[in-house]
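This report concerns only the one structure given below.
Please treat every number below as a calculation from the coordinates, not as lab data. In this text the structure is predicted, and so the values were computed from the model without any measurement. Positions of Cβ are generated from backbone atoms using ideal geometry, with glycine treated the same way; all protein chains shown enter the neighbour counts.
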Amino acid sequence: MRLNPNSSAFTALIGALAALPPLSIDMGLPALGVLQSDLGATAAEASGTLSLFLYGFAAGQLAMGPLSDRFGRRPVMLVGLAIYAMFGMACALAWSPGWLLVFRLIEGVGAAGGSTLAMAIVRDLFSGQAGRIKMSAVSMVIVIAPIIAPSIGATLLVFGEWRFIYVTLGLSGVALFVAAYFWLDETRPADPGARIDVVGRYAAVFRSKRTLGYAMVNAAGAGALFSFIGTSSLVLMGQMGLSASGFAMIFAMTSGGILLGSSLNNLFARRAVAASIPLTAGLVIAPVAALAATGFLWVDIVSPITLVPFVILVGMSRGMINANATHAALEPVPHHAGAASALLGFMQVGSSATAGVLVAFAFPRYGALAVTVAMAIYSLLAVVAWRWVETRHPAEKGL
């Protein structure tokens with residue numbers, strides 16, 4: 001039985017597919033130390049299980065997006081989920097750090113089949129105000145993943161070892177494969193007469209300046225938030241002295257800020273409030289909050305009390321921006337939604353990874369100040385991209 005696209009079950013399934021990357025990353029965070037000890041891995045190899053997954057995910061998006069525009073969403077998604085499930089199980093059986101990193105890389109490629117194509121499916125089925133409402137609802141499901149994932153990982157460690165986490169991820173892939181196979185209809189039938197033409201499809205997406213502009217808005221917003229996430233344990237535990245349980249609580253509060261923003265945006269969308277209102281609010285709040293946090297650190301006030309509330313505000317802003325920017329980016333390119341969705345995901349991953357590297361490089365010298373300055377810069381870049389696209393390219397016809 002296929003799910004009705006207007007049903008809550010459909011929204012939950014699409015959200016679960018799109019949440020694969022944060023679930024796959026954050027669930028493993030509590031196990032890095034245990035994994036390092038058990039496999040005799042270095043700290044770099046243990047943390048590499050996160051970065052290699054992201055690299056695979058980024059590459060997988062670039063391939064699977066345009067392939068789904070040619071061969072259909074379902075076959076490409078199912079292949080991706082099969083890869084994800086298979087190599088999630090392989091991670092649980094890894095006998096050395098090197099093989100674990102290889103398996104994580106390929107697992108990341110498979111995750112793109114769920115995440116990227118979930119957004120493309122939403123664009124296939126919904127447009128205009130209906131698309132904005134559905135995108136907002138899906139975003140709410142997505143942001144639950146980073147809230148619950150570390151706790152799931154920690155619970156699995158209590159009852160077993162780090163391998164249980166990867167078994168759980170593999171089984172999640174199996175469950176999503178089965179659900180997608182039986183419950184999702186094809187929303188973009190294969191076109192046997194069309195060429196794959198990956199380069200041509202991306203060229204068409206790049207010609208839509210509105211798509212490109214809102215992709216930059218989304219990428220900059222992701223970089224702002226990851227400026228904190230990537231070094232959060234160093235700031236809160238290393239510099240500010242929080243315990244592991246205190247850090248977990250703060251991390252959940254930050255994710256809760258994203259959920260709050262997404263909930264507000266969903267409420268606005270359902271009441272037909274113009275998308276520009278929550279989008280503008282989020283784009284204003286984020287740099288103001290980041291600059292306020294920077295001000296406290298600049299005068300040498302280093303405390304969770306003067307940092308965390310502003311980080312939560314940046315997270316809330318992210319929840320208000322993400323769905324609206326994604327919808328605005330996909331709306332002009334209905335015939336290349338797979339490629340456009342892949343580009344959005346790739347730019348978000350690239351921006352987040354770059355933010356993490358820059359902050360990690362500056363942290364030993366500047367501490368938490370490096371985090372808040374990066375948050376402010378990325379938030380301001382999002383504002384610049386938004387003003388550029390709305391001033392120079394306010395509307396385009398679909399390609």
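The ranking of S351, S96, S24 by Cβ neighbour count inside 10 Å, starting from the fewest, reads S96, S351, S24.
Under unit Cβ charges (Lys, Arg +1; Asp, Glu -1), what dipole magnitude, rounded to 20 debye, does segment 1-184 have relative to its Cα centre? Don't jump to the answer; show the numbers that get you there.
Details: 9 positive and 7 negative charges, 134 e Å.
So the dipole magnitude of segment 1-184 works out to roughly 640 debye.
For segment 205-393, what's the relative contact order in percent, using C-alpha pairs closer than 8 Å and at least 6 residues apart?
Working: 270 pairs, mean separation 89.1, N = 189.
Relative contact order of segment 205-393: 47 percent.
Does segment 324-399 come out rounded, prolate or oblate, given a ≥ b ≥ c as the square roots of the eigenvalues of its C-alpha gyration tensor, rounded meaning a/c under 1.5 and, failing that, prolate meaning a/b above b/c? Judged from the Cα gyration tensor, segment 324-399 comes out oblate (a/c at least 1.5, b/c at or above a/b).
Note on R270 and F206: their simple-model spin labels are 4.1 nm apart, each label 7 Å out from Cα toward Cβ.
With 10 angstrom as the radius, rank W95, W298, W388, W162 by how many other C-beta atoms surround their C-beta, starting from the fewest. Please list the in-between numbers first.
Working: W95 8, W298 12, W388 15, W162 25.
Least to most surrounded, the residues fall as W95, W298, W388, W162.
Each residue, T306 and E186, gets one label point 7 Å from its Cα in the Cβ direction; the gap between the two is 6.1 nm.
Using Cβ counts within 10 Å as a stand-in for footprinting exposure, how do H335, H393 rank, fewest first? Don't skip to the answer; put the middle values down first.
On the way: H335 13, H393 16.
Ordered from fewest to most neighbouring Cβ atoms within 10 Å, H335, H393 come out as H335, H393.
Which order do the peptides 209-218, 259-268, 363-372, 336-345 take when ranked by the mean count of other beta-carbon atoms within 10 Å per residue, highest first?
Working: 209-218: 24.0, 259-268: 21.5, 363-372: 19.2, 336-345: 29.7.
Descending mean neighbour count gives 336-345, 209-218, 259-268, 363-372.
For L171 and T42, the difference between the fully extended length at 0.36 nm per residue and the C-alpha to C-alpha distance is 43.7 nm. A value for mean projected area of the Cα convex hull in nm² was derived from the coordinates, and within the list [x] 23.7; [y] 18.5; [z] 19.7 it appears as [y].
Using the average count of surrounding beta-carbon atoms within 10 Å as a protection proxy, the listed peptides 34-41, 114-121, 326-333 rank, highest first, as 114-121, 326-333, 34-41. What the pair-distance distribution of segment 71-221 shows, using all Cα-Cα distances binned every 5 Å from zero, is 2, 8, 12, 17, 19, 16, 13, 8, 4, 1, 0 percent. Taking the helices alone, the chain has a mean residue ellipticity at 222 nm of -27500 deg cm²/dmol, built from -39,500 (n - 2.57) per DSSP H run of at least 4 residues and averaged over all its residues.
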